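**Q** Could you have a look at this structure, given as structure tokens, before my questions?
The values are calculated or read from the model by the stated rules, or taken from the named source; none is laboratory data. Given the structure is predicted, the values throughout are model-derived calculations rather than measurements. Using ideal geometry, Cβ is built from the backbone for each residue, glycine included, and neighbour counts are taken over all protein chains shown.
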Amino acid sequence: MFRLSSSENYQVPIERVRLMQNRVIIAAVFLIGLIFILIGRLAYLQIVSHQDFAALSKDNQVQVVPVPPVRGQIYDRNGTLLAGNETVYRLAITPRYVDDLESLLEKIGKIVPVSDDDISKFKRKLGVSNKHTEIVLKDFLSPEEVARVAVDRYSMPGVSIVTDLHRVYSSSLYTSHVVGTLGQIDKQDLQKVDPVRYRGLQHVGKLGMEMESEDILVGFPGHNQVETNAHGRKIRVLSRAMPTAGSDIYLTIDIDLQKFAYDALGDEVGGLVAIEPSTGRILAMVSKPSFDANVFGIGWEQDERKVLLTSEDKPLLNRAVQGQYPPGSTIKPFLAFSAFETGIGNRKFHCPGWYQLPDYSRQFRCWKTGGHGYIDLFDAIAESCDVYFYELAHRLGIDEMYYQLSKFGFGSVTGVELSYETAGILPSKEWKQWTKGEPWYEGETLITGIGQGATLVNMLQLAHATTIIANRGVKLRPQLIHKTVDVQGQQYLHEPELIEVIDVNERFYGPIIKAMEKVVHGNRGTARRISEGMEYRMAGKTGTVQIVSRKKDADRMDLKVTDKKLHPHGIFTAFAPADNPKIVVAVIVENGASGSAIAPIARAVIDHYLLSESETANTKGDSFAIVTDH
Amino acid sequence: MIRLQLSLTTSIRRLNGFPVRLDIPLFLLTLLLCLLGLAVQFSAGGEDLDQLIRQAVRIVVAVAIMLALSTVPIEVLRRFSPPIYLVAVGLVILVLAIGFTGRGAQRWLDLGVFRFQPSELLKLAIPMMVAYVLTTTFFKIYRKTAFLVSGVLVLVPAILVYLQPDLGTALLIIAVGAAAIFFGGLSWRWVGISSFSVLALIPLVWPLLQDYQKTRVLTLFDPWSDPLGRGYHSIQSMIAIGSGGISGKGWLQGSQSQLDFLPERNTDFVFSVFAEEFGFVGGMILILIYSLLIARCLMIAYRCDYDFARIVVCSVAIMTFVHLFVNVGMVAGILPVVGLPLPLISYGGTSMVTVLAGIGLVMGAQYAKRTA
């Protein structure tokens, strides 16, 4: 009867009902079988092995208490502490031993100040915790408060002082985006981490390197076997398995330069990345506005957290790797390589101040109203002539531009140890078809040629691309971790990592670096003002990103042209010394007016680095030997 | 006037004009389980009255939902199956998307007043949807297609839930969906083929599991290899159950549970507390009550001659059973720790609402046999 195949039985109700009833009976038999497995197992545990388990249970006055590991600390490249652990004292209550909670709270209140907020938090935790566990009433007791509580402790059963390690960020504002923060382990984290490894831990990295290097920093927990009496109270510790502390991390960041760069940006909104070109190591990574990691992660100031999360300036955003901006004219040196690669070479074009495509009514303007006249490629870089690059872009076409620019890493992530870095956008015909479902227009090719339109980069990408020029084609992975040191003191150096030597003829680097030098040192260079008193040669490129292209837009958006939010973004990327690059800097200031206006920031940072370098020349990085078969 | 028909089958009461189709045996059995649950909760929760009251409130809400669902005619439910299914899958995708942007796992949808786990809705929506597909006129003719479509309708949400990631619920959804297809009349040849291919898939799926999931499975075979680490849950749970013996240590007297050796004793490991305090006898009584509840559902299905209702009722029975089997199997150390609660007894409202809503459907479905 069980062999019924379904298809033909559908028209016959009686057969169908039979079939269904058979299925129910089969299922019932199957379930009964499974239930007997459960019963058998319970009988085995509770009857056959009862004696064994009863003995174990009686012996089970030994409790296992996890001992959390000490989290690894984070240092800068020279060993200055950035994220460390500090001992804090907390006042805790074990509810099991308390008869009258209200009067106890009142009594404690007389000894140390306890806020209503603390009490309501405590009561909330009380509702969901076990009565045998210590529940924290007040954090961060001062040494005097600890002493006062200790004196009265015996008249307050259930009250205890808990010693704990607390994460402290010593240069917090300067480094928050890179170093990151810790936060409470929540249910979502528990899905990602091994709960056994985090037993006894309350915090996990939530941002920056604290998050990215969680595995290195966290260590492994130990446990104490604690003998308890019949009421579960600890009598003595029987044995200990020591936890393994996490490894320390030495970042590539130079805290001195980081602070200098942070201050150099003043009150502006923006970001800055400095790279050591010989190794790809990141010397400074600044994002402004910043936030205090001591408050955001583990602190209890809910209000301040809310301000950070909702602020219009988005202080939590790491603008250096997450802030995406049109590169503006800083794209021009990279495009200049295409001119050579495709054989267009250093041809002169005429710039009347505007450019027009044959079938277009729209005029594409040069920033210089009167035009640059007849101008060659090098001067077009130095003076940032837009018309020259419209013409070049028109001749190259978007496919060629895409191919050449992607060699420098535009449109893809750099591979730095921050997994949330953005890839930016390098537009192509396929990209537009895919995202917008529209064909590519020639006008878009032109504005891509001056770094406007859909192209987006972050400052790390721009610094990375500039490093490739500085290194004459050698593409190194940008790195934030210099080395890790495990608890035994064993060092693990993160060696510079060669990605590739990009496919650009090395003859072209010299001329283009010369042109970038002219940006700074030339008579008409867009950043000529910063060259005054400079003791070294710098190669750079300015960029100015229009936010609202015409005054009409401004009217429509009901903003005044004088409104700072309408000012263009200023971008500047540079390396120095030009013949022997020691540092690359890319900087953006939102609404910073122009690339020329913010170039002094980069100069100050480079000055600071090169000058301090001459003092401490021996401690600086191990250079990367490159063997190529060019 | 309310007239109470106390028969052992179905009684229809009219409350303000709404017929409440109360199945007395099912009602009594669920109530009994809920009360037992409260008793264990009181012990496992460290005799915390507040916690007990919260659980009691959840029971009242869930029972209200059960009674409300029992009034809905099954034919109406059938018609609403596709939209319910789509909403459930949509919510799971939404939760997944929110979790994605928040860079972390996510199962919950926070509705302010309470939090809601859309994957729970799937536990009922999937069998209803499968039953719907298998009973449409079109698919009554094209049976092969019907079963194929049903399989996809089960697997797609199961994969979404697995991605949350929630392996336990994903497996439960597959089990319930498979049950619905089985009761829908899949031919034995295909039952054989699909069971075999599931077994064959195990070595393929194994590498896809998270590390901690793998160690959970491996720990099952030898918990004593790491008694203070990964084996701790299993060992403490087995000690609790085993030391309970035949008659148990008595209510509130379980040393394992009271002295904090047993982890998660309110939720996933609540059966260990029960077995420690009430012994083998208590455990047998609890399993008997569940068996009667499931048997009652299957009985209703057996007598039912409306296809849709029968498939749904059977699936609810299977869902309850899988919860029971996996949970008890897990605490007794014969199944890996996957985190399915013991229905109606574990602390928390989500699974309680799901199971009682399912039983509400069963009560309502029973009425269908008289009209269909």
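**Q** Out of curiosity, is A:ASP186 without any contact (Cβ under 8 Å) to a residue 40 or more places away in the chain and of a type in the set (Asp, Glu)?
**A** Numbers: without any contact (Cβ under 8 Å) to a residue 40 or more places away in the chain: yes; of a type in the set (Asp, Glu): yes.
Yes: the conditions hold for A:ASP186.
**Q** Answer yes or no: is there a residue in segment B:87-109 that is modelled with pLDDT of 90 or more, buried (at least 20 other Cβ atoms within 10 Å of the Cβ) and assigned to a helix (DSSP H, G or I).
**A** If we filter segment B:87-109 for residues that are modelled with pLDDT of 90 or more, which is where we start, we get B:87-90.
Of the ones still in play, those that are also buried (at least 20 other Cβ atoms within 10 Å of the Cβ) are B:88-89.
From the residues that got through so far, the ones that are assigned to a helix (DSSP H, G or I) too are B:88-89.
Yes, segment B:87-109 contains at least one residue that is modelled with pLDDT of 90 or more, buried (at least 20 other Cβ atoms within 10 Å of the Cβ) and assigned to a helix (DSSP H, G or I).
**Q** Can you confirm whether B:THR169 is in contact (Cβ under 8 Å) with a residue 24 or more places away in the chain, over 27 Å from B:THR350 (Cα atoms) and in a helix (DSSP H, G or I)? I'd like the intermediate steps shown before the answer.
**A** Numbers: in contact (Cβ under 8 Å) with a residue 24 or more places away in the chain: yes; over 27 Å from B:THR350 (Cα atoms): no; in a helix (DSSP H, G or I): yes.
Judged against the criteria, B:THR169 is not a match.
**Q** I'm checking my understanding of the structure. Among residues of segment A:89-108 that are under 42 Å from the mean Cα position of the chain (by Cα) and at pLDDT below 85, which one is farthest from A:THR484 (Cα to Cα)?
**A** Filtering segment A:89-108 for residues under 42 Å from the mean Cα position of the chain (by Cα) gives A:89-95.
Pick out the ones that are also at pLDDT below 85 and you get A:94-95.
On the way: A:THR94: 39, A:PRO95: 42 Å.
It comes out as A:PRO95.
**Q** Restricting the search to segment A:62-78, which residues are surrounded by 16 or more Cβ atoms within 10 Å (Cβ to Cβ) and either within 8 Å of chain B (Cβ to nearest Cβ) or under 22 Å from the mean Cα position of the chain (by Cα) (or both)?
**A** Of everything in segment A:62-78, those that are surrounded by 16 or more Cβ atoms within 10 Å (Cβ to Cβ) and either within 8 Å of chain B (Cβ to nearest Cβ) or under 22 Å from the mean Cα position of the chain (by Cα) (or both) turn out to be A:GLN63, A:VAL64, A:ARG71, A:GLY72, A:GLN73, A:ILE74, A:TYR75, A:ASP76, A:ARG77.
**Q** Which ones in segment B:171-188 are at pLDDT 90 or above and either out of contact with any Cys (no Cβ under 9 Å at 6 or more places or on another chain) or surrounded by fewer than 16 Cβ atoms within 10 Å (Cβ to Cβ) (or both)?
**A** Result: B:LEU172, B:ILE173, B:ILE174, B:ALA175, B:VAL176, B:GLY177, B:ALA178, B:ILE181.
**Q** If you don't mind, there's one more thing I want to ask. Residues to consider are A:SER7, A:SER49; find the one that is at pLDDT below 80 and within 8 Å of chain B (Cβ to nearest Cβ). First the steps, then the outcome.
**A** Details: A:SER49 fails: at pLDDT below 80.
The conditions single out A:SER7.
**Q** With crowded, with 17+ Cβ neighbours inside 10 Å and free of Cβ contacts under 8 Å to residues at least 40 places away in the same chain as the only criterion, which of B:VAL161, B:VAL191, B:VAL154 stands out? Before the answer, list the steps.
**A** Values: B:VAL161 fails: free of Cβ contacts under 8 Å to residues at least 40 places away in the same chain; B:VAL191 fails: crowded, with 17+ Cβ neighbours inside 10 Å.
Answer to the selection: B:VAL154.
**Q** Those residues that are more than 9 Å from chain B (Cβ to nearest Cβ) and part of a helix (DSSP H, G or I), I need them from segment A:12-25; list them, please. Can you show your working first?
**A** Of all residues in segment A:12-25, those more than 9 Å from chain B (Cβ to nearest Cβ) come to A:12, A:14-15, A:18, A:22.
The answer is A:ILE14, A:GLU15, A:ARG18, A:ASN22.
**Q** Filter segment B:299-322 down to the residues that are more than 10 Å from every other protein chain (Cβ to nearest Cβ) and small (Gly, Ala, Ser), then identify the one that is farthest from A:ILE35 (Cα to Cα).
**A** Selected residue: B:ALA309.
**Q** Please note which helices (runs of 4 or more DSSP H) are completely contained in segment A:367-437 and include at least 1 residues that are polar (S, T, N, Q) and closer than 22 Å to A:MET459 by Cβ.
**A** Values: elements: A:377-382, A:386-396, A:398-407, A:429-436.
The helices (runs of 4 or more DSSP H) meeting that bar are A:398-407.
**Q** Mind checking whether some residue in segment B:132-151 is surrounded by fewer than 20 Cβ atoms within 10 Å (Cβ to Cβ), under 24 Å from B:VAL355 (Cα atoms), of a type outside the set (A, V, I, L, M) and under 22 Å from the mean Cα position of the chain (by Cα)?
**A** Looking through segment B:132-151, at least one residue is surrounded by fewer than 20 Cβ atoms within 10 Å (Cβ to Cβ), under 24 Å from B:VAL355 (Cα atoms), of a type outside the set (A, V, I, L, M) and under 22 Å from the mean Cα position of the chain (by Cα).
**Q** For segment A:421-432, check the following and say yes or no: at least one residue is out of contact with any His (no Cβ under 7 Å at 6 or more places or on another chain), of a type in the set (Val, Ile, Thr), surrounded by fewer than 24 Cβ atoms within 10 Å (Cβ to Cβ) and more than 21 Å from A:GLU400 (Cβ to Cβ).
**A** Just the residues of segment A:421-432 that are out of contact with any His (no Cβ under 7 Å at 6 or more places or on another chain), to begin with: A:421-432.
Filter again for of a type in the set (Val, Ile, Thr), leaving A:422, A:425.
Of the ones still in play, those that are also surrounded by fewer than 24 Cβ atoms within 10 Å (Cβ to Cβ) are A:422, A:425.
With more than 21 Å from A:GLU400 (Cβ to Cβ) added as a condition, the list becomes A:422.
So far as segment A:421-432 goes, yes, one or more of its residues are out of contact with any His (no Cβ under 7 Å at 6 or more places or on another chain), of a type in the set (Val, Ile, Thr), surrounded by fewer than 24 Cβ atoms within 10 Å (Cβ to Cβ) and more than 21 Å from A:GLU400 (Cβ to Cβ).
**Q** Which residues, taken from segment B:323-338, are within 11 Å of chain A (Cβ to nearest Cβ) and in a loop (DSSP other than H, G, I, E, B)?
**A** The answer is B:ALA332, B:GLY333, B:ILE334, B:LEU335, B:VAL337.
**Q** Specify the residue that is farthest from A:ALA241 (Cα to Cα); the eligible residues are those in segment A:189-222 that are under 16 Å from the mean Cα position of the chain (by Cα), among the hydrophobic types (A, V, I, L, M, F, W, C) and within 11 Å of chain B (Cβ to nearest Cβ).
**A** A:LEU207
Matching residues to (1) assigned to a helix (DSSP H, G or I); (2) charged (D, E, K, R):
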{"residue": "B:GLU47", "(1), (2)": "no, yes"}
{"residue": "B:ASP50", "(1), (2)": "yes, yes"}
{"residue": "B:ARG54", "(1), (2)": "yes, yes"}
{"residue": "B:VAL60", "(1), (2)": "yes, no"}
{"residue": "B:ALA68", "(1), (2)": "yes, no"}
{"residue": "B:VAL72", "(1), (2)": "no, no"}
{"residue": "B:GLU75", "(1), (2)": "yes, yes"}
{"residue": "B:ARG79", "(1), (2)": "yes, yes"}
{"residue": "B:TYR85", "(1), (2)": "yes, no"}
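**Q** Looking at A:LEU141, is it under 30 Å from B:LYS214 (Cα atoms) and hydrophobic (A, V, I, L, M, F, W, C)? Give the steps one after another, and end with the answer.
**A** Working: under 30 Å from B:LYS214 (Cα atoms): no; hydrophobic (A, V, I, L, M, F, W, C): yes.
No: the conditions fail for A:LEU141.
**Q** Related question: Looking only at residues that are in a loop (DSSP other than H, G, I, E, B) and of a type outside the set (Val, Ile, Thr) in segment A:438-456, which one is nearest to A:ILE282 (Cα to Cα)? Walk me through it before giving the result.
**A** Filtering segment A:438-456 for residues in a loop (DSSP other than H, G, I, E, B) gives A:438-441, A:450-455.
Subsequent filtering for residues that are of a type outside the set (Val, Ile, Thr) retains A:438-441, A:451-454.
Details: A:GLU438: 39, A:PRO439: 39, A:TRP440: 37, A:TYR441: 38, A:GLY451: 25, A:GLN452: 27, A:GLY453: 29, A:ALA454: 27 Å.
Residue satisfying both the conditions and the ranking: A:GLY451.
**Q** Which one is farthest from the chain's Cα centre (by Cα), of the residues in segment A:301-352 that are among the basic types (Lys, Arg) and at pLDDT 90 or above? Steps first, please.
**A** Filtering segment A:301-352 down to residues among the basic types (Lys, Arg) leaves A:305-306, A:314, A:319, A:332, A:347-348.
Going one step further and asking which of them are at pLDDT 90 or above, we end up with A:319, A:332.
Values: A:ARG319: 9, A:LYS332: 28 Å.
Filtering first and then ranking leaves A:LYS332.
Results for (1) within 13 Å of chain A (Cβ to nearest Cβ); (2) of a type in the set (Lys, Arg); (3) closer than 18 Å to B:TYR85 by Cα, shown as yes or no for each residue.
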{"site": "B:VAL161", "(1), (2), (3)": "yes, no, yes"}
{"site": "B:ASP166", "(1), (2), (3)": "yes, no, no"}
{"site": "B:ALA180", "(1), (2), (3)": "yes, no, yes"}
{"site": "B:VAL198", "(1), (2), (3)": "no, no, no"}
{"site": "B:LEU204", "(1), (2), (3)": "no, no, no"}
{"site": "B:LEU208", "(1), (2), (3)": "no, no, no"}
{"site": "B:TYR212", "(1), (2), (3)": "yes, no, no"}
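**Q** Please verify whether segment B:269-280 includes one or more residues that are within 25 Å of A:PHE53 (Cβ to Cβ), more than 11 Å from chain A (Cβ to nearest Cβ), at pLDDT 85 or above and not in a helix (DSSP H, G or I).
**A** yes
**Q** Same structure again: Is it the case that B:VAL176 is away from chain A (no Cβ under 14 Å) and under 24 Å from B:PHE321 (Cβ atoms)? Let's see the steps before the verdict.
**A** Numbers: away from chain A (no Cβ under 14 Å): no; under 24 Å from B:PHE321 (Cβ atoms): yes.
In short, no.
**Q** So which residues in segment A:384-401 are over 12 Å from A:GLY451 (Cα atoms), under 35 Å from the mean Cα position of the chain (by Cα) and surrounded by 19 or more Cβ atoms within 10 Å (Cβ to Cβ), if there are any at all?
**A** Passing the criteria: only A:ILE398.
**Q** Name the strands (runs of 3 or more DSSP E) wholly within segment A:115-199 that hold at least 1 residues that are closer than 29 Å to A:LEU308 by Cβ, out of contact with any strand residue (DSSP E or B) (no Cβ under 6 Å at 6 or more places or on another chain) and of a type in the set (Gly, Ala, Ser)? Working first, answer last.
**A** Values: elements: A:135-138, A:159-169, A:182-184.
Here the list reads A:182-184.
**Q** In the set A:LEU38, A:LEU31, A:LEU81, which member is more than 10 Å from chain B (Cβ to nearest Cβ) and either at pLDDT 85 or above or under 24 Å from A:PRO143 (Cα atoms) (or both)?
**A** Numbers: A:LEU38 fails: more than 10 Å from chain B (Cβ to nearest Cβ); A:LEU31 fails: more than 10 Å from chain B (Cβ to nearest Cβ).
It is A:LEU81.
**Q** Considering only segment A:248-257, I want to know if a residue exists there that is outside the structural domain of A:PRO69 (by TED's automatic domain parsing) and over 26 Å from A:GLN490 (Cβ atoms).
**A** There is at least one residue in segment A:248-257 that is outside the structural domain of A:PRO69 (by TED's automatic domain parsing) and over 26 Å from A:GLN490 (Cβ atoms).
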